[in-house]
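Accompanying notes for the structure given below.
The values are calculated or read from the model by the stated rules, or taken from the named source; none is laboratory data. Source: prediction; values computed, not measured. Note that each Cβ is placed from the backbone with ideal geometry, even for glycine, and that neighbours are counted across all protein chains shown.
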Amino acid sequence: MPLSGLIDFVVSLISSVLPEQFMGFGVDLYSFMPVVVFVIFVYLIYKSLKIAFHGMLVFVAGAVFPIFANNFFGTSMAIGIESLISYGLFALVLYIGYIFMGTITKVLKVITWPLRKMFSKSKDVVTRDELDSEIEERIKEEDR
């Protein structure tokens with residue numbers, strides 16, 4: 001069974017990383033694996049249902065758009081089953097693209113975090129010019 005081989009690999013990897021002090025207390029990682037798998041499963045189902053529910057709302061909003069546009073803006077859009085479905089599907093495709101781009105953005109932020117941290121200019125960092133001017137001011141104060 002390939003899943004058990006994956007679980008064995010993950011448990012051996014975690015066991016190799018954890019210090020012996022934690023493993024010496026009789027902690028068996030195999031007993032925690034069902035809990036970890038259950039938490040991951042529930043989280044993935046929650047996210048999937050959330051995206052599916054929002055997708056349904058976006059589809060309905062896209063399908064209702066021609067009716068809304070005709071009644072409130074006076075446009076002459078065709079209102080038929082085919083056009084309502086096509087507007088709904090177009091809205092759904094835009095939503096899926098939005099979700100996809102958001103996921104790509106999150107992954108890139110995680111990957112580039114060390115570089116952004118290394119090259120960021122935070123407010124706590126003092127530049128060389130600021131340090132030189134501070135030293136000159138203190139020297140002038142001491143000379144007075």
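Picking from Phe65, Phe72, which residue would you name as being among the aromatic types (Phe, Trp, Tyr) and either touching an Asp or Glu at 6+ places or on another chain (Cβ under 9 Å) or under 22 Å from Ile51 (Cβ atoms) (or both)? Matching residue, one of Phe65, Phe72: Phe65.
Of the residues making up region 76-91, one or more are assigned to a helix (DSSP H, G or I), among the β-branched types (Val, Ile, Thr) and modelled with pLDDT of 90 or more. On the basis of being farther than 30 Å from Ile14 by Cβ, surrounded by 10 or more Cβ atoms within 10 Å (Cβ to Cβ) and of a type in the set (A, V, I, L, M), does Met33 make the cut? No; evaluated as a whole, the condition is false for this residue. All conditions in (1) more than 21 Å from the chain's Cα centre (by Cα); (2) closer than 30 Å to Leu13 by Cβ; (3) among the small types (Gly, Ala, Ser) hold for Ala69, with the sole exception of (2). Within region 116-127, does at least one residue satisfy the condition of being among the hydrophobic types (A, V, I, L, M, F, W, C), loosely packed, with under 10 Cβ neighbours inside 10 Å and assigned to a helix (DSSP H, G or I)? There is at least one residue in region 116-127 that is among the hydrophobic types (A, V, I, L, M, F, W, C), loosely packed, with under 10 Cβ neighbours inside 10 Å and assigned to a helix (DSSP H, G or I).
Within region 71-84, residues that are surrounded by 11 or more Cβ atoms within 10 Å (Cβ to Cβ) reach partners that are part of a loop (DSSP other than H, G, I, E, B) with beta carbons closer than 8 Å, at six or more positions or on different chains, in the pairs Ser83/Met77.
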